[in-house]
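Peer 1: Starting off with a structure, shown below.
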């Protein structure tokens, strides 16, 4: 069963998806990691992805780790690990090498706002031969009704430990593309074929299930370095 739902904010999405996966997901074995997970294929949209007034308590991160991750995605701060052989890839390295796909997407949309070609491909064919395969497969940018919308596709997704950080950083990438083509950023769509919560996080996820929305979030005042526009604090 493919789950689909539209949300207003990213915080709302994470909290609601946690409840949905725990309630409707299927328990499956994860022999590669010697554990189990509850999994559900899911597509969701976020109508107001830049609304960051609240942060879900289930993010399992703080502002420093989140900003560090954003810089890794946008600025390639971990790419030297790929060059030294310590890592097989980073998302940023796949986006810019051997072809700068970020620049390509911006230029393609400047050339033709109606283009269906503004796609960043993360997966390489040789990934089929390695154990550590990228979860993110592709990113597409598409202009509708005068706004730049963004879609990401994931083969596998750790809802509890990765989804919020993934989405926040990639939305910032979308903002950069929207600024380059001088259009407002629009809707974020996320397709996770294997959206899951690992067994290690089930107890904490169950606690989130029992909370009201207001109790499952914290104010951005208590999280962001700059509440008025958290994206401006990212170098």
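Peer 1: Checking the structure you have, find out if any residue of the stretch 6-22 is free of Cβ contacts under 8 Å to residues at least 60 places away in the same chain, under 16 Å from the mean Cα position of the chain (by Cα), under 20 Å from residue 167 (Cα atoms) and assigned to a strand (DSSP E or B).
Peer 2: Within the stretch 6-22, one or more residues are free of Cβ contacts under 8 Å to residues at least 60 places away in the same chain, under 16 Å from the mean Cα position of the chain (by Cα), under 20 Å from residue 167 (Cα atoms) and assigned to a strand (DSSP E or B).
Peer 1: Here is a further query. Free of Cβ contacts under 8 Å to residues at least 12 places away in the same chain, closer than 18 Å to residue 16 by Cβ, surrounded by fewer than 18 Cβ atoms within 10 Å (Cβ to Cβ) and more than 13 Å from the chain's Cα centre (by Cα): which single residue out of 210, 203 fits that description?
Peer 2: 210
Peer 1: Assuming residue 174 fulfils every condition listed in (1) assigned to a strand (DSSP E or B); (2) out of contact with any helix residue (DSSP H, G or I) (no Cβ under 9 Å at 6 or more places or on another chain); (3) surrounded by 19 or more Cβ atoms within 10 Å (Cβ to Cβ) apart from one, which condition is it?
Peer 2: The failed condition is (1).
Peer 1: With 181, 217 as the choices, which residue is modelled with pLDDT under 95 and touching a strand residue (DSSP E or B) at 6+ places or on another chain (Cβ under 8 Å)?
Peer 2: The match here is 217.
Peer 1: Anything in the stretch 126-144 that is over 25 Å from residue 204 (Cβ atoms) and at pLDDT 95 or above? List them, or say none.
Peer 2: Matches in the stretch 126-144: 134, 137, 138, 139, 140, 141, 142, 143, 144.
Peer 1: Then there's this: Return yes or no: is residue 181 touching a helix residue (DSSP H, G or I) at 6+ places or on another chain (Cβ under 6 Å), more than 30 Å from residue 112 (Cβ to Cβ) and in contact (Cβ under 8 Å) with a residue 24 or more places away in the chain?
Peer 2: No: the conditions fail for residue 181.
Peer 1: Moving on. Go through (1) over 30 Å from residue 219 (Cα atoms); (2) in a loop (DSSP other than H, G, I, E, B) for residue 77 and report which single condition fails.
Peer 2: Condition (1) is where residue 77 drops out.
Peer 1: Go through the stretch 121-149 and report how many residues are touching a helix residue (DSSP H, G or I) at 6+ places or on another chain (Cβ under 7 Å) and part of a loop (DSSP other than H, G, I, E, B).
Peer 2: Qualifying residue count for the region: 3.
Each row is one residue, and each column tells you yes or no for (1) surrounded by fewer than 17 Cβ atoms within 10 Å (Cβ to Cβ); (2) within 22 Å of residue 188 (Cβ to Cβ); (3) at pLDDT 95 or above; (4) touching a strand residue (DSSP E or B) at 6+ places or on another chain (Cβ under 6 Å).
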| residue | (1), (2), (3), (4) |
| --- | --- |
| 28 | yes, no, yes, yes |
| 32 | yes, no, no, no |
| 69 | no, yes, no, no |
| 82 | no, no, no, no |
| 89 | no, no, no, no |
| 95 | no, yes, yes, yes |
| 103 | yes, yes, yes, no |
| 114 | yes, yes, yes, no |
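Peer 1: Within the bounds of the stretch 48-62, is there any residue that is assigned to a loop (DSSP other than H, G, I, E, B), free of Cβ contacts under 8 Å to residues at least 12 places away in the same chain and out of contact with any helix residue (DSSP H, G or I) (no Cβ under 8 Å at 6 or more places or on another chain)?
Peer 2: Checking the stretch 48-62: not a single residue is assigned to a loop (DSSP other than H, G, I, E, B), free of Cβ contacts under 8 Å to residues at least 12 places away in the same chain and out of contact with any helix residue (DSSP H, G or I) (no Cβ under 8 Å at 6 or more places or on another chain).
Peer 1: Filter the stretch 4-19 down to residues that are at pLDDT below 95 and surrounded by fewer than 18 Cβ atoms within 10 Å (Cβ to Cβ) and give me whichever is farthest from residue 190 (Cα to Cα).
Peer 2: Out of the qualifying residues, it is 19.
Peer 1: Also, quick follow-up: Scan the stretch 81-120 for residues that are assigned to a helix (DSSP H, G or I) and free of Cβ contacts under 8 Å to residues at least 24 places away in the same chain and jot them down.
Peer 2: Residues satisfying the conditions are 81, 82, 83, 92, 93, 96, 101, 103, 104, 107, 108, 111.
The values are calculated or read from the model by the stated rules, or taken from the named source; none is laboratory data. Quantities reported herein were computed from a predicted structural model and do not represent experimental measurements. As a convention, Cβ positions derive from the backbone with ideal geometry for all residues, glycine included, and neighbour counts pool all protein chains shown.
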